Amino acid sequence: MNIILSIFFFLIGTCLGSFANVCIYRLPKGKSIAWPPSFCPKCHHRISWHDNIPLFSFFLLRGKCRSCQGRISPGYFIVEFLAGIITFFLFLRFNVSPEFFIYLIFILALIIVSFIDIENFLIPDCIVYSGIVLGLFLSFLYPELQSQTFSRLLALKASFMGTLLGGGSLFIIGLIGGIIFKKEAMGGGDVKLLAMIGAFLGVKSVLLTIFFSSLAGSVIGLTLILLKVKKRSDYIPYGPYLALGAIISLFWKGYYFIGFLIN
Ligand SMILES: [Zn+2]
């Protein structure tokens with residue numbers, strides 16, 4: 001393991017997290033992510049570059065805006081740290097390879113979608129639709145993305161099957177849930193998100209993602225209710241659990257500890 005490279009990729013990850021924060025804040029409001037430069041959401045004071053360094057600035061400013069002393073949401077820090085640590089693990093797992101860069105884009109999209117879902121209870125179409133197209137395209141461009149095939153068409157087919165299974169299975173679960181509980185159990189955004197996960201990771205990982213996300217959803221959901229952070233009747237967005245399930249499946253790929261279940 002190259003320590004200097006690992007630290008380098010961790011820092012690159014925190015910068016990508018900083019960009020993710022801009023998307024998380026601006027996309028649901030329909031604002032441009034390119035312009036204007038970062039500003040404080042409370043006093044609209046423009047944030048200078050030295051107050052906009054990932055992780056460090058949050059510490060130095062003690063989580064407050066330099067201009068209005070308004071509290072900066074710890075969410076910004078969490079996203080930067082999360083992006084950094086995941087980039088670090090991607091590097092450990094895949095080294096500098098096409099997989100590393102493809103999964104980096106994929107995970108960044110998952111982080112953006114998750115935090116938008118947590119704050120706004122919605123999953124932006126623009127990200128999941130471009131994600132589906134990108135997943136299909138990259139599978140064709142780099143067939144190794146879909147298991148050990150070197151045929152572009154087979155990889156494209158695998159990616160397409162993953163998209164169908166991802167979209168289809170949640171749609172059916174949502175339909176059955178809707179009939180049993182007589183309310184919307186699964187948002188349309190969740191269906192599209194799992195379709196995007198399928199486009200990148202393929203059929204097997206869609207199944208693993210459903211398994212891990214429902215496990216995480218039950219454990220974390222129950223913990224939140226027991227800790228009284230959430231009430232039983234509260235709406236808990238499912239997107240972050242799907243994203244978590246997808247990230248676990250992604251790192252799982254190639255190990256298949258429970259491969260006998262799905263092989
Ligand atoms: Zn301010």
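Derivation of every value follows stated rules applied to the coordinates shown; laboratory data play no part. Predicted model, so just to flag it, every value in this text is computed and none were measured. Cβ: placed from backbone, ideal geometry, glycine included. Neighbour counts: every protein chain shown.
What's the longest piece of the chain with no exposed trypsin sites (Lys or Arg not before Pro), counting a site as exposed if DSSP puts it in a loop and it has at most 10 other beta carbons within 10 Å?
My reading of the result: 63-181 is the longest stretch.
Highest GNM mean-square fluctuation, the chain, Cα pairs closer than 10 Å: which of 227, 82, 110?
227
Can you compute the helix-only [θ] at 222 nm over the chain? Use -39500 (n - 2.57) per DSSP H run of at least 4 residues, normalise by all residues, nearest 500 deg cm²/dmol.
Mean residue ellipticity at 222 nm (helix-derived): -22500 deg cm²/dmol.
Write out the GluC sites (Glu not before Pro) in the range 110-219 meeting two conditions: DSSP loop, and at most 14 other Cβ atoms within 10 Å of their Cβ.
184
For the chain, how many pairs of lysine residues have a Cα-Cα distance under 20 Å, where the two are 8 or more positions apart or belong to different chains?
So the count works out to 12.
Using Cα springs under 10 Å in a Gaussian network model of the chain, which residue among 61, 16, 141 shows the largest mean-square fluctuation?
Answer for the Gaussian network model of the chain: 61.
Could you pull out every residue, at least 5 positions away or on a different chain, whose amide H is within less than 5 Å of the one on residue 64? Hs are placed 1.01 Å off N in the peptide plane, and Pro or chain starts have none.
For residue 64, whose amide H was placed from the backbone, the distant partners under 5 Å are 72.
For the chain, what mean projected area does the convex hull of the alpha carbons give, in nm²?
15.8 nm²
Can you tell me the alpha carbon radius of gyration of the range 123-255 divided by the globular rule-of-thumb value 2.2 N^0.38 Å?
Computed over Cα atoms of the range 123-255, the ratio equals 1.11.
Between the range 34-71 and the range 93-148, what's the alpha-carbon centroid distance in Å?
Spelled out, the Cα-based centre of one part sits 28 Å from the other.
Within the chain, which is the longest segment that contains none of the chymotrypsin sites (Phe, Trp or Tyr not before Pro) sitting in a DSSP loop with at most 14 other Cβ atoms within 10 Å?
Counting at most 14 other Cβ atoms within 10 Å as exposed, the longest clean stretch of the chain is 1-120.
Take the range 1-120, compute every pairwise Cα distance, and split them into 5 Å bins from 0; I just need the percent in each bin.
Pair shares across the bins are 2, 11, 20, 22, 19, 13, 8, 4, 1.
Note down the magnitude of the dipole of the chain about its Cα centre, charges +1 on Lys and Arg C-beta and -1 on Asp and Glu C-beta and zero elsewhere, to the nearest 20 debye.
With Lys and Arg at +1 and Asp and Glu at -1, about 660 debye.
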